[in-house]
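Chemist: Have a look at the structure that comes next, please.
The values are calculated or read from the model by the stated rules, or taken from the named source; none is laboratory data. Every value quoted in this text rests on a predicted model; they were computed, and no experiment measured them. Virtual Cβ from ideal backbone geometry, glycine too; neighbours counted across all protein chains shown. In case anyone asks, the SASA skips ligands and DNA or RNA and just uses the protein heavy atoms, side chains included. Shrake-Rupley method; radii C 1.70, N 1.55, O 1.52, S 1.80 Å.
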Amino acid sequence: MNWDKKDLLGIKELSKEEILLVLDTAESFKDISKREIKKVPTLRGKTVITLFYEPSTRTRTSFEIAAKRLSADTINISSSTSSSVKGETLKDTARNLESMRPDAIVIRHSMPGAPHMLARILDSSVINGGDGAHEHPTQALLDLFTIREKKGRIDGLKVVIIGDIAHSRVARSNFFTLRHFDTEIVCSGPPTMIPPDIESLGVRTERDMNKAVKGADVIMMLRIQKERGGISFIPSVKEYATLYGLRKEHIEKAKKDVIIMHPGPMNRGIEIADEVADGPYSVILDQVENGLAVRMAILYLLIGREA
Ligand code: CP
């Protein structure tokens, strides 16, 4: 299987073979981070820019560490430190950055399609680090990697995704990975947070969270996307936490070896209780660890191989 894409813009554009290639490549990179000297020369001489117009703990840091572990040079730019605060357009910022000949630009932006726009005008590889409520491809790839690692398979699993589905780029990208496999995908959340066309993505909706989690192999919790107006879709956070917050009683309804996932950042006590987030079924920090290997794989596939 060959990787022939210049950019990683979304999961929707990837075939099953391409998704599996990323996962298999990530497997081979995972060990590097466990070595005493956590560095290989794969991307020596390459330059990776992270251009983040929205806050991030995991994605930006993970891309920077991934690039550094592969010996690339990295530069981080955030909206507050870029000339966008002086009125420069995203296009102009990107064109100016490209004049300094980076090999890849990782962009996070609140505007859906921002990475796609950059990919059309730049020769550098563009990686979508999250665009509005549209897609978060590297999150879905690390989620799938974690599911495969923990469960030993993807086919035959019941995956339940709970929360603010309508405003979640993580949910959308996960639907696009999971639909390639023989998985039962179930969504639960307030009706106002479930997109009306969700069934067209191969997803079943179960309004009652207690029913949704029954027999689940994987439970993925999502936070309310306050920055995308999510809070105005529910009567109160307290009621949301009561109806859609994951607690121990829900775990007991799932399979005995269920895994609990969350892309972060978590709002403890709202969509997930401490006892679950920090409990024995939680793989939330494994997701973060795997994110590093997945982002190393993406950088390698996009800019690390000879044409
Ligand atoms: N999961 C995720 O995208 O986290 P950050 O917002 O911290 O990057």
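Chemist: Of all residues being away from the ligand (no atom under 16 Å from the Cβ) and touching a strand residue (DSSP E or B) at 6+ places or on another chain (Cβ under 8 Å) in segment 147-161, which is nearest to Arg228 (Cα to Cα)? Just the residue, please. It would help to see each step written out before you state the result.
Modeler: Just the residues of segment 147-161 that are away from the ligand (no atom under 16 Å from the Cβ), to begin with: 148-160.
Filter again for touching a strand residue (DSSP E or B) at 6+ places or on another chain (Cβ under 8 Å), leaving 150-151, 157-160.
Values: Lys150: 32, Lys151: 33, Leu157: 31, Lys158: 28, Val159: 25, Val160: 22 Å.
Per the criteria, the residue is Val160.
Chemist: Please state which of the following conditions Leu178 fails to meet, knowing it meets all the rest: (1) within 20 Å of Phe63 (Cβ to Cβ); (2) within 15 Å of the chain's Cα centre (by Cα).
Modeler: (1)
Chemist: Oh, and also: Residues Val40, Val22, Val48, Val106: which one is over 19 Å from Gln139 (Cβ atoms) and either among the aliphatic types (A, V, I, L, M) or open to solvent by 40 Å² or more (accessible area, probe 1.4 Å) (or both)?
Modeler: Among Val40, Val22, Val48, Val106, only Val40 is over 19 Å from Gln139 (Cβ atoms) and either among the aliphatic types (A, V, I, L, M) or open to solvent by 40 Å² or more (accessible area, probe 1.4 Å) (or both).
Chemist: For segment 123-146, does any single residue satisfy the condition of being over 22 Å from the mean Cα position of the chain (by Cα) and more than 16 Å from the ligand (Cβ to nearest atom)?
Modeler: Step one: filter segment 123-146 for residues over 22 Å from the mean Cα position of the chain (by Cα), giving 123.
After this cut, where a residue has to be more than 16 Å from the ligand (Cβ to nearest atom) as well, the list is 123.
Yes: segment 123-146 contains one or more residues that are over 22 Å from the mean Cα position of the chain (by Cα) and more than 16 Å from the ligand (Cβ to nearest atom).
Chemist: I'd like the residue in segment 36-56 that is in contact (Cβ under 8 Å) with a residue 24 or more places away in the chain and among the hydrophobic types (A, V, I, L, M, F, W, C) and, out of all such residues, is nearest to the ligand (Cβ to nearest atom).
Modeler: Among those residues, the one meeting the criterion is Phe52.
Chemist: I would also like to ask the following. Evaluate the following for Ala166: is it assigned to a helix (DSSP H, G or I), within 23 Å of Ile194 (Cα to Cα) and either touching a Pro at 6+ places or on another chain (Cβ under 7 Å) or modelled with pLDDT under 95 (or both)? Break it down into steps so the answer makes sense when it comes.
Modeler: Details: assigned to a helix (DSSP H, G or I): yes; within 23 Å of Ile194 (Cα to Cα): yes; either touching a Pro at 6+ places or on another chain (Cβ under 7 Å) or modelled with pLDDT under 95 (or both): yes.
Spelling it out, Ala166 is indeed assigned to a helix (DSSP H, G or I), within 23 Å of Ile194 (Cα to Cα) and either touching a Pro at 6+ places or on another chain (Cβ under 7 Å) or modelled with pLDDT under 95 (or both).
Chemist: In addition: Tally up the residues in segment 205-246 that are over 25 Å from Leu178 (Cβ atoms) and either in contact with a strand residue (DSSP E or B) (Cβ under 9 Å, 6 or more places away or on another chain) or free of Cβ contacts under 8 Å to residues at least 60 places away in the same chain (or both), please.
Modeler: 11
Chemist: I've got another one for you. So which helices (runs of 4 or more DSSP H) are wholly in segment 185-294 and hold at least 3 residues that are farther than 30 Å from Glu64 by Cβ and open to solvent by less than 50 Å² (accessible area, probe 1.4 Å)?
Modeler: Numbers: elements: 209-212, 237-244, 248-251, 274-277.
Ranges flagged: 237-244.
Chemist: If you don't mind, another one. Only one of these is under 20 Å from the mean Cα position of the chain (by Cα), open to solvent by 30 Å² or more (accessible area, probe 1.4 Å) and of a type outside the set (Lys, Arg): Ser80, Ser62, Ser56, Ser84. Name it. It would help to see each step written out before you state the result.
Modeler: Numbers: Ser80 fails: under 20 Å from the mean Cα position of the chain (by Cα); Ser62 fails: open to solvent by 30 Å² or more (accessible area, probe 1.4 Å); Ser84 fails: under 20 Å from the mean Cα position of the chain (by Cα).
Selected residue: Ser56, the only one of Ser80, Ser62, Ser56, Ser84 that is under 20 Å from the mean Cα position of the chain (by Cα), open to solvent by 30 Å² or more (accessible area, probe 1.4 Å) and of a type outside the set (Lys, Arg).
Chemist: Now a separate question. Go through (1) free of Cβ contacts under 8 Å to residues at least 40 places away in the same chain; (2) away from the ligand (no atom under 16 Å from the Cβ); (3) open to solvent by less than 50 Å² (accessible area, probe 1.4 Å) for Ala297 and report which single condition fails.
Modeler: Failing condition for Ala297: (1).
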